[in-house]
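Below is one structure, written out as structure tokens; the observations come after it.
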């Protein structure tokens, strides 16, 4: 069982509807596309590394009807990658970072 929380966000690109969702399938697609370790790539995402942002975007953006991850279709398709990346950057960071479990603050008891 996965500890990732699946958050879904509706997105529209060029009048076509998509959803963004981060889950274990997204993690696998990210690793296949980038050839990189997911956890170390989170640091690059927070540093706004453009290639890492594109790989995360390609691994969480899905067709709304089928929920099929776009993956390489985004990277080699007819998308304006720069505009798409800039426009969706806050969404990518939000979806990916909110998917991981958050540490709970321990309250000290007297």
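Some points to look at:
- Rounded, prolate or oblate (a/c below 1.5 giving rounded, otherwise prolate when a/b exceeds b/c) for segment 1-62 by Cα gyration tensor: oblate
- Per-pair calculated FRET efficiency, R0 = 25 Å: residue 78 and residue 7 via Cβ, rounded to 0.05: 0.35
- With the largest listed first and rounded to whole Å, the semi-axes of the equivalent ellipsoid of the chain from the Cα gyration tensor are 26, 15, 14.
- Principal-axis tilt of helix 50-60 within the chain, Cα atoms, nearest 10 degrees: 90 degrees
- A helix-only calculation puts the chain at -15000 deg cm²/dmol for mean residue ellipticity at 222 nm, using -39500 (n - 2.57) for each DSSP H run of at least four residues, averaged over all residues.
- Computed from the Cβ-Cβ distance with R0 of 25 Å, the FRET efficiency linking residue 43 to residue 68 stands at 0.30.
- Helix 24-34 vs. the chain, principal-axis angle (Cα, 0 to 90°, nearest 10): 60 degrees
Readers should treat all values here as calculations from the given coordinates under stated rules, not as data from a laboratory. Nothing here was measured: the structure is a model prediction, and the numbers come from that model. FYI the Cβ positions are ideal-geometry reconstructions off the backbone, even for glycines, and counts take in every protein chain you see.
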